[in-house]
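**Student:** Just passing along the structure, written as structure tokens.
Read the figures in this text as sums done on the coordinates, not as results from a lab. Since the model is a prediction, treat every value here as computed from it, not as a measurement. Methodologically, a virtual Cβ is constructed for each residue, glycine included, from the backbone with ideal geometry; neighbour enumeration extends over all protein chains shown.
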Amino acid sequence: MTGTPRTLVGPLAWAKAEARWRPVEAVFWVATLLPFVLVPSYLVLASQIAITALFALSLDLILGYAGIVSLGHAAFFGLGAYAAGIVSKSGWGEPLSGLVVAAVAAGSVGFATSFVIARFRHLALIMITLGLGVLLHEAANKAHWLTGGADGLQGVRTWPLLAYFRFDLYGYTAYAYSLVVLFVVFLAARRMTNSPFGLALRGIRENATRMPAIGAPSRAHIRRVYTMAAVIAGVAGALLAQTTETVALEVLSFQRSAELLVMLVLGGAGRLYGGLVGAIIFMVARDRFSGINPQYWYFWIGMLLVAVVMLLPNGILGGLARIRAERRRAA
Amino acid sequence: MIGPVLGVLFDGLAYGMLLFLLSVGLSVTLGMMNFVNLAHCSFAMLGGYVTVTLMNQLGWPFLATLPGAFLAAAGVSVVLERTLYRRLYRASDLDQVLLTIGLAFISVAAAAYIYGTVLQPIQMPPYLRGAVTVLGVRFGVYRLFLVGVALVIALILVAALEYTRFGARVRAAVDNQRMARGLGIDVDGAFAITFALGSGLAGLGGALAIEIIGLDPSFAFTYLVYVLIVVSVGGLGSIGGSFAAASLIGVSDVAGKYYVPELGAFLIYLVMVAVLMWRPAGLLGRR
């Protein structure tokens, strides 16, 4: 996806070249440590950004790589958040096992729904993901005894991480915890997208009819990546529940799914870092403009969406890549 | 015994007719261009606010505001179609979804800015209030009016689509867009007109909806889900399908909320899933 292939190589060699670490990536990940020293009073925000970035990464796997447009991805985020929150509320606040519970909960629902997802494309797919998200939101609203309904889930208590690091008010532990989880999942996702499986996903994105014709089990691939994305989204939701010690009904809302799309598209879909960059820009901007009434905030999101679609079809990272490619051609 | 059942059926039918007006335009334009327009309900909301403004600020009678709602929604949709939508006809689903969600967000924020987030009150004229009782069943006059309007519009649409030259072009474009182009039909032009008509009908639906379901800025998203369900259950590009699906969804929603309140909100989704499992292209869809 980055640049144009200069010489014809086999797909595996190409994937291997893609998988090589670039200096700018190392710079990026070292820079994620800067908030600890530069802006220690903003660590809570930083942890929220890391969680959102993880969530965006999960959408990128299905949208950016397999080309599945989902308008209901918040369903898995919310499932993870509620699973971790409910486990913690009922007396087991150990964070790491909470993550596992959330991953299993979101992953099993993701696996079950993936059989439907894999059968549809285009409008039907958008409809089904949207409907699923709305359905879950409504169910959580109705199940007041379990989820607290519109009041949110109260009384979540997270035990110290590794029985040692307390979750403090300033967010040191929260940010370190979220960042480590984000990095580990990112490594796995990076490995996956540069594997033959990842190449097959890109094939599905580029031409969904041709892939089965050359013998690739497209539906099985879609089922697998959709389940993976659900697991990651669930982990992100669990992180939010554990670090904020509350779960609001809003985790399942349509707005959250739509905002996530905005971030991913703003950063650039199909390039892993797109979601991370988009999440950083989006969350910082929202923090800066938090004085604005949320109603009007959506006005600017709307404008941003229209502008990105019209002017910057591949997001910020896509735009940068194009500039770089043009400069290389000029040189 | 039969009275309450008939009453629920009638209320459901009236609600379904509202959904029909809101969704028929989207169904036809989607069938023609495969353009995913998630801002469709924003046009409906626009129609609603035009009616509210004309009635409450300028003192127009309710019936006179309805053409205004239609024209306003159609006019705005033409402008947007010419400036934004037409560039994305051949773009991916994702780009279309993003653009139209963006427009929907803008419309929600603009409505909240101008009118606030409260429900808009309107005062129905006396001849549309009250109810008539036939064989022991009460029929709301306004709902009767709504069903009448929807039936007339459905008949006009079917007649226009079946018996006019323009209708033949639209049907050709829905059946096979590329073939229609190949035969020299101006598909883009036909689409622009259809789009304006569909958005206008949504505007009309929005104006008629105020009395039944109320109007506030969240309308654009709340009813989008219902409209999309009607479109996918009915099948793309089919007026009859939209009509049948809207009636089915309207009746199941009202009946569900009346008889099984704890399941009420889910019943329409179950109906949708059941129909799509049975006929993946919708009730009367061909693709």
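**Student:** Residue farthest toward the positive end of the dipole of chain A, with Cβ of Lys/Arg at +1 and Asp/Glu at -1: which of A:W297, A:Y226, A:Y175?
**Tutor:** A:Y226
**Student:** Specify which residue in the list B:V174, B:S23, B:L119 is farthest towards the positive end of the charge dipole of the protein assembly as shown, using unit charges on the beta carbon of Lys, Arg (+1) and Asp, Glu (-1), about the Cα centre.
**Tutor:** B:V174
**Student:** Additional query: Dimensions of segment A:82-208 along principal axes (Cα, Å, largest first)?
**Tutor:** Over segment A:82-208, Cα extents along the principal axes are 49, 38, 22 Å.
**Student:** Now for a separate question. Determine the relative contact order of segment B:1-129: mean sequence separation of Cα pairs under 8 Å and six or more apart, normalised by residue count, in whole percent. Mind showing how you got there, number by number?
**Tutor:** Numbers: 68 pairs, mean separation 37.9, N = 129.
Relative contact order, segment B:1-129: 29 percent.
**Student:** May I ask you to sort A:E326, A:E259 by Cβ crowding, counting other Cβ atoms within 10 Å and putting the fewest first?
**Tutor:** Numbers: A:E326 10, A:E259 22.
Sorted ascending by nearby Cβ count, the order is A:E326, A:E259.
**Student:** What does the charge dipole of segment A:40-253 about its Cα centre add up to, to the nearest 20 debye, if the Cβ of each Lys and Arg holds +1 and the Cβ of each Asp and Glu holds -1? Please report the intermediate quantities before stating the final value.
**Tutor:** Working: 14 positive and 8 negative charges, 166 e Å.
Taking the Cα centre of segment A:40-253 as origin, the dipole is about 800 debye.
**Student:** So, one more: Within segment A:247-268, name every residue whose backbone N is under 15 Å away from a label modeled 7 Å from Cα of A:F28 along the Cβ vector.
**Tutor:** Those under the cut-off are A:264-268.
**Student:** Cut-off under 23 Å on the C-alpha distance; same-chain residues fewer than 8 positions from B:K257 excluded. Which lysines are left, in chain and number order?
**Tutor:** Counting by Cα, and skipping residues close in sequence, B:K257 has these lysines nearby: A:K142.
**Student:** About the Cα centre of segment A:71-191, how large is the charge dipole given +1 on each Lys and Arg Cβ and -1 on each Asp and Glu Cβ? Please answer in debye to the nearest 20.
**Tutor:** Values: 8 positive and 4 negative charges, 68 e Å.
Around 320 debye, computed over segment A:71-191.
**Student:** Please compute the contact order of segment B:146-271 in relative form: average sequence separation of alpha-carbon pairs under 8 Å and at least six residues apart, divided by the residue count, as a percent. Please list the in-between numbers first.
**Tutor:** Values: 68 pairs, mean separation 17.2, N = 126.
The normalised contact order for segment B:146-271 reaches 14 percent.
**Student:** Hey, another quick one. Would you be so kind as to identify which of B:F105, A:V265, A:H144 lies farthest towards the positive end of the dipole of the protein assembly as shown, taking Lys and Arg as +1 and Asp and Glu as -1 on Cβ and the Cα centre as origin?
**Tutor:** Positive-end residue among those listed: A:V265.
**Student:** Using Cα pairs closer than 8 Å and at least 6 residues apart in sequence, work out the relative contact order for chain A, in percent. Could you put the intermediate results ahead of the total?
**Tutor:** Details: 492 pairs, mean separation 105.6, N = 331.
Relative contact order comes out at 32 percent.
**Student:** To test your reading of the geometry: what angle, between 0 and 90 degrees and rounded to tens, separates the Cα axis of helix B:40-56 from the longest principal axis of chain B?
**Tutor:** Helix B:40-56 sits roughly 50 degrees off the main axis of chain B.
**Student:** Separate question: Under a Cβ-only charge scheme (Lys and Arg +1, Asp and Glu -1), can you give me the dipole magnitude of the protein assembly as shown about the Cα centre, in debye to the nearest 20?
**Tutor:** Working: 43 positive and 25 negative charges, 415 e Å.
Charge dipole of the protein assembly as shown: 2000 debye, to the nearest 20.
**Student:** Give me D for the protein assembly as shown in µm² s⁻¹, whole number, from Stokes-Einstein with Rh from the Kirkwood sum over alpha-carbon pairs, 37 °C and 0.692 mPa s.
**Tutor:** Working: Rh = 25.8 Å.
Estimated via Stokes-Einstein, D reaches 127 µm²/s.
**Student:** Further, regarding this structure: Please report, in whole Å, how far the alpha carbons of segment A:20-90 spread along each principal axis, starting with the longest.
**Tutor:** The Cα atoms of segment A:20-90 stretch 36, 35, 19 Å along their principal axes.
**Student:** If you don't mind, another one. Equivalent-ellipsoid semi-axes (√(5λ), Cα gyration tensor) for segment B:21-217, whole Å, largest first? Working shown, then result.
**Tutor:** Values: eigenvalues 201, 98, 33 Å².
Sorted largest first and rounded, they come to 32, 22, 13 Å.
**Student:** OK, next. Kindly express, to the nearest 10 degrees and within the range 0 to 90, the angle between helix A:74-89's C-alpha long axis and the longest C-alpha principal axis of chain A.
**Tutor:** On a 0 to 90 degree scale, this one is about 30.
**Student:** Once each part is reduced to its C-alpha centroid, what is the distance from segment B:1-71 to segment B:77-152 in angstrom?
**Tutor:** Measuring centre to centre over Cα atoms gives 5 Å.
**Student:** Computed FRET efficiency, Cβ-Cβ of B:M277 and A:E18, R0 41 Å: what is it to the nearest 0.05? Please report the intermediate quantities before stating the final value.
**Tutor:** Numbers: r = 40 Å, r/R0 = 0.98.
Computed FRET efficiency for B:M277 and A:E18 comes out at 0.55.
**Student:** Mind pulling the angle between the C-alpha long axis of helix B:141-163 and the longest principal axis of chain B? Nearest 10 degrees, somewhere in 0 to 90.
**Tutor:** 20
**Student:** Mind checking the mean number of beta-carbon atoms from other chains within 10 Å of the Cβ atoms in A:193-200?
**Tutor:** Numbers: counts 0, 0, 0, 0, 0, 0, 0, 0.
The mean count of partner-chain Cβ atoms within 10 Å per residue comes to 0.
**Student:** For every other residue with a beta carbon closer than 11 angstrom to the beta carbon of A:R119, add +1 if it is Lys or Arg and -1 if Asp or Glu, then tell me the sum. Display every interim value, and only then the final one.
**Tutor:** Working: positive: A:R121, A:R219, A:R223; negative: none.
That sum, taken over residues with Cβ under 11 Å, equals +3.
**Student:** Give me the mean projected area, in nm² to one decimal, of the convex hull enclosing the Cα positions of chain A. Spell out each step's value before the answer.
**Tutor:** On the way: hull surface 71.8 nm².
The Cα convex hull of chain A, projected and averaged over all directions, gives 18.0 nm².
**Student:** How far apart, in nm, are the 7 Å Cα→Cβ label points at A:L320 and A:V284?
**Tutor:** Rounded to a tenth, the inter-label distance reads 1.2 nm.
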